[in-house]
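To keep things clear, I will list the structure first and then write my remarks on it.
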Amino acid sequence: MAAASFTAAKFLAPVAGRSGGDRPAPFLPAPSSARPLRRTRPAQRLLAVSSDVLAGNKAAPAAAAQPAVTREEALELYEDMVLGRNFEDMCAQMYYRGKMFGFVHLYNGQEAVSTGFIKLLNQPDCVVSTYRDHVHALSKGVPARSVMAELFGKATGCCRGQGGSMHMFSEPHNVLGGFAFIGEGIPVATGAAFAAKYRHEVLKQSSPDGLDVTLAFFGDGTANNGQFFECLNMAQLWKLPIVFVVENNLWAIGMSHIRATSDPEIWKKGPAFGMPGVHVDGMDVLKVREVAKEAIDRARRGEGPTLVECETYRFRGHSLADPDELRRPDEKSHYAARDPIMSLKKYIIEQSLASEAELKSIEKRIDDVVEEAVDFADASPLPPRSQLLENVFADPKGFGIGPDGKYRCEDPKFTQGTAQV
Amino acid sequence: MAMKVLREVGRKRSGAAWIGGSRGFADCAAAAMGVAERREGGGGTKAVNLFTAVNQALHIALDTDPRSYVFGEDVGFGGVFRCTTGLADRFGKNRVFNTPLCEQGIAGFAIGLAAMGNRAIAEIQFADYIFPAFDQLVNEAAKFRYRSGNEFNCGGLTIRSPYGAVGHGGHYHSQSPEAFFCHVPGLKVVIPRSPREAKGLLLASIRDPNPVIFFEPKWLYRLSVEEVPEGDYMLPLSQAEVIRKGSDITLIGWGAQLAVLEQACEDAAKDGISCELIDLRTLIPWDKETVEASVSKTGKLLISHEAPITGGFGAEIAASIAERCFLRLEAPVARVCGLDTPFPLVYEPFYMPTKNKILDAIKATVNY
């Protein structure tokens, strides 16, 4: 299985996101739809989604004008992305100061995907994520202080300190985790989508907007995993209100997506299962938002699942323990130039939606939020030792009541001759 | 040339501290004899750590059998624990390659390769990720020879996987799933305790004509440093090793837990308790004779492992020894193991079977 030596010349520019123009937008490449970039070079074999990376070409020209967005929406998006970025930077600082430990995976660079999708959701909609889940939780509304406290392992964290970085859950915000294992969340999301559909169609219980939607986020490596394919099938078979969002950042730790996948264009796997598959520039929050709107609306109307592939990039290594030696500097700098926050800032200023001063004040406010989150987490208590044996079973005190009438987990001899907890 | 490569690798990697003070292996007649008699190919020894020893074993395995292959997630650049460093450069990408992220596929693919007469050395990046592969290993690998009436077999299969606590791994980077596989007739499970053991046992596992699951204690990858013979050598499977002789109680463990048990032995010796420490090395098929001989001598047994106590492999040892040595036992078999909870994140120090827990159990058992 020799690794293909890939050269820039073989790549094509990625298909840019759809504009807000024609409704209803056909997701499958319909014969008459405008897909200029792919049509111009039909003979060439389409390879990776990140076409212009090694070619050194300029970013693909926008297929259409930027979709319209109101001032309020733009500022909301900006604030959310800045929160995500600052929070992750603070995580790195805290990690190197020893305040948090374990495996921490940061989301820098991918904020457009989280913000673009999750800011369109309502409270009853569910988000299922991977181990790179801090920003998904933040975008869904989990307070920064809860997430930071969870990272520090404190009792005030969103999972009471039990989960840590890779397992952010929040019942009030319908964040269904946080999965350390790739692909494990996708079937869970599929089940949650089924529950939403049942609630709506049989129990007639959900909102007048339509079905509650579930978003499943996962990476390019996961798109080669069996669970992914099984769920694409089930979701389409039962027309579930779910959107499969692939955050294709080209690397699975040290494995290049292009070298690990027979057909690197993940969006194509959607139509193979009968659902629309679309590719979008994940470094541009407005394009992501447009595509997300359509996908989420489809799900809400009961038309079933969509597979959205977002071309994105992580600016840091896979985790804070990853020296990140394998990715080439030109690839990194190419994507650094497409920083989603910088792009949105530029757009806001150019479209006169807000002034620099207002954006600066947002950044300052976010700085304060993140600082406050750290102070809160620092000041919070560690969980009590007895929490170790709690919540193994439904009975919150773990193993029930013993013959002496006390909680078994409080018996020092509980698990072995001389257990000490 | 091969030696130079290995020495280079060793030199770059070694240098971590010895664990648990003096390991005292030189004192143990069995160990010294074992190394002397099993070493082939001359050459001296070199102090290397666990991942370097594993790396050396893989280099030798690929060198000595042209139809052996190493694959798994991220093995191409050396692996997340550096166990596969230099293999792709030396043997080429046709023999050392990355797989996509699909453990079930990796295991099944490895079984197929092995069934066609090759040595497939598959890496599962963390033992916690082995569960999608569980179906293939239990239902296919273990039963291949049996159900084909020996027409085919996947004896060339070796699954290598880092297991066990690492201090900060949390739920999904710390599990010890050995007990699940010990329950499957047809598979072998091997766990080394140190670099020298790892290299010899891994070479033996790769060359064993049965599918073997080789769990490497990830905590010891850098921490454990030992003199390892530079040549090609194998250590026998299904033979436990008595690494410390004693007369009052028999202690059994495997992998990283042996370091903890050793510390407990030292402390118990200060209280006048003489402990005999056995490294099981191969969990199935396990060396019942050695353990039985030891318990017949001491009359007491304590087993310690990181995996949760209920249904852990210690239970099998306890039941077997109770059956074989019932009249000789002077106290119930003690098990000091992980608690019956998912492997915790912040509570790891309380969850683990620590030296103090073991010491208390030793005293309780001896004074029963």
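Numbers below:
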| read-out | value |
| --- | --- |
| Hey, A:Lys204 surrounded by fewer than 24 Cβ atoms within 10 Å (Cβ to Cβ) and in contact (Cβ under 8 Å) with a residue 24 or more places away in the chain or not | no |
| Condition check for B:Ala107: of a type in the set (A, V, I, L, M), within 14 Å of another protein chain (Cβ to nearest Cβ) and closer than 21 Å to B:Glu197 by Cα | no |
| Residue within the range B:283-306 that is within 14 Å of chain A (Cβ to nearest Cβ), surrounded by fewer than 17 Cβ atoms within 10 Å (Cβ to Cβ), under 30 Å from A:Gln387 (Cα atoms) and under 24 Å from the mean Cα position of the chain (by Cα) present | no |
| Total residues in the range B:69-94, condition under 25 Å from B:Asn49 (Cβ atoms), within 12 Å of chain A (Cβ to nearest Cβ) and free of Cβ contacts under 8 Å to residues at least 40 places away in the same chain | 5 |
| Residues located in the range A:348-401, provided they are polar (S, T, N, Q), more than 14 Å from every other protein chain (Cβ to nearest Cβ) and either assigned to a helix (DSSP H, G or I) or touching a Ser or Thr at 6+ places or on another chain (Cβ under 9 Å) (or both) | A:Ser361 |
| Subset of the range A:257-271 (residues that are free of Cβ contacts under 8 Å to residues at least 60 places away in the same chain and within 14 Å of chain B (Cβ to nearest Cβ)) | A:Ala260, A:Thr261, A:Ser262, A:Asp263, A:Lys269 |
| Matching entry among A:Gly274, A:Gly219, A:Gly226 (being small (Gly, Ala, Ser), within 14 Å of another protein chain (Cβ to nearest Cβ), touching a residue at least 12 places away in the same chain (Cβ under 8 Å) and surrounded by fewer than 20 Cβ atoms within 10 Å (Cβ to Cβ)) | A:Gly226 |
| Test: A:Ala379 is within 21 Å of the chain's Cα centre (by Cα) and under 30 Å from B:Leu339 (Cα atoms) | no |
| Selection status of A:Leu151, without any contact (Cβ under 8 Å) to a residue 60 or more places away in the chain and part of a helix (DSSP H, G or I) | no |
| Hey, B:Ala334 within 11 Å of chain A (Cβ to nearest Cβ), at negative phi and in contact (Cβ under 8 Å) with a residue 12 or more places away in the chain or not | yes |
| Some residue of the range A:284-297 being within 20 Å of the chain's Cα centre (by Cα) and not in a helix (DSSP H, G or I) | yes |
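The rows are residues; the columns are (1) closer than 20 Å to B:Gly314 by Cα; (2) at pLDDT 95 or above; (3) of a type in the set (Asp, Glu); (4) not assigned by TED's automatic domain parsing to the domain that holds B:Asp287.
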site	(1), (2), (3), (4)
B:Pro185	yes, yes, no, yes
B:Lys188	yes, yes, no, yes
B:Pro192	yes, yes, no, yes
B:Glu197	no, yes, yes, yes
B:Asp208	no, yes, yes, yes
B:Ile213	yes, yes, no, yes
B:Glu216	yes, yes, yes, yes
B:Tyr221	no, yes, no, yes
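One line per residue, one yes/no per condition, for (1) at pLDDT 95 or above; (2) acidic (Asp, Glu); (3) under 22 Å from the mean Cα position of the chain (by Cα); (4) buried (at least 20 other Cβ atoms within 10 Å of the Cβ):
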{"site": "B:Thr52", "(1), (2), (3), (4)": "yes, no, yes, yes"}
{"site": "B:Gly78", "(1), (2), (3), (4)": "no, no, yes, no"}
{"site": "B:Asn98", "(1), (2), (3), (4)": "no, no, no, yes"}
{"site": "B:Gly105", "(1), (2), (3), (4)": "no, no, no, no"}
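The values are calculated or read from the model by the stated rules, or taken from the named source; none is laboratory data. In this text the structure is predicted, and so the values were computed from the model without any measurement. Cβ: placed from backbone, ideal geometry, glycine included. Neighbour counts: every protein chain shown.
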